[in-house]
Amino acid sequence: EVQLVESGGDSVQTGESLTLSCAASGFAFDGYAIGWSRQAPGKEREVVSCISLPDGAIFYGDSMRGRVTISNDDAKHTAYLRMNNLKPEDTAVYYCMANIWCDMRSETFRYWGQGTQVIVSA
């Protein structure tokens, strides 16, 4: 059974940082692309970042470019999203995703976690 379990969501204030974690199981972690997307109130779902583990290619969406870093720990089968200088517009449910390749369209990802809530207050 493929499982992606997010953790690390929290309620923070503007300017603070958070690191989200995605623990993966049930598939060959280092053969997949791991992505993060978010669903903010009143906005369309968007991909924040994706890392292709076989070749190391990394992609960032426009909304958080420069404030976010994606990384992975193959031994722990875990991916991370480090978010800095958070803003109220970053308030969203953040989802971990997996697919055989990166794509900036979230609907193309095959596997999804249940999400973790991030709230950024002014």
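The values are calculated or read from the model by the stated rules, or taken from the named source; none is laboratory data. This one's a predicted model, so the numbers in the text were calculated from it and none came from an experiment. Ideal geometry is used to build each Cβ from the backbone, glycine not excepted, and the neighbour counts take in all protein chains shown. Keep in mind that these areas ignore ligands, DNA and RNA; they rest on the heavy atoms of the full protein, side chains included. Shrake-Rupley method; radii C 1.70, N 1.55, O 1.52, S 1.80 Å.
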I'd like to compare 43-52, 88-97: which one has the highest average count of other Cβ atoms within 10 Å, and what's the full order after that?
88-97, 43-52
Mean separation of Cα contacts under 8 Å (at least 6 apart) over the residue count of segment 79-122, i.e. the relative contact order in percent, is 50 percent
Within the accessible area of segment 11-122 (1.4 Å probe), percent carbon and sulfur
47 percent
Keeping all protein chains in place, calculate the accessible area per residue for the chain (probe 1.4 angstrom), answer in Å².
51 Å²
Taking the DSSP beta bridges in the chain as the whole, what percent of them are antiparallel, to the nearest 5?
95 percent
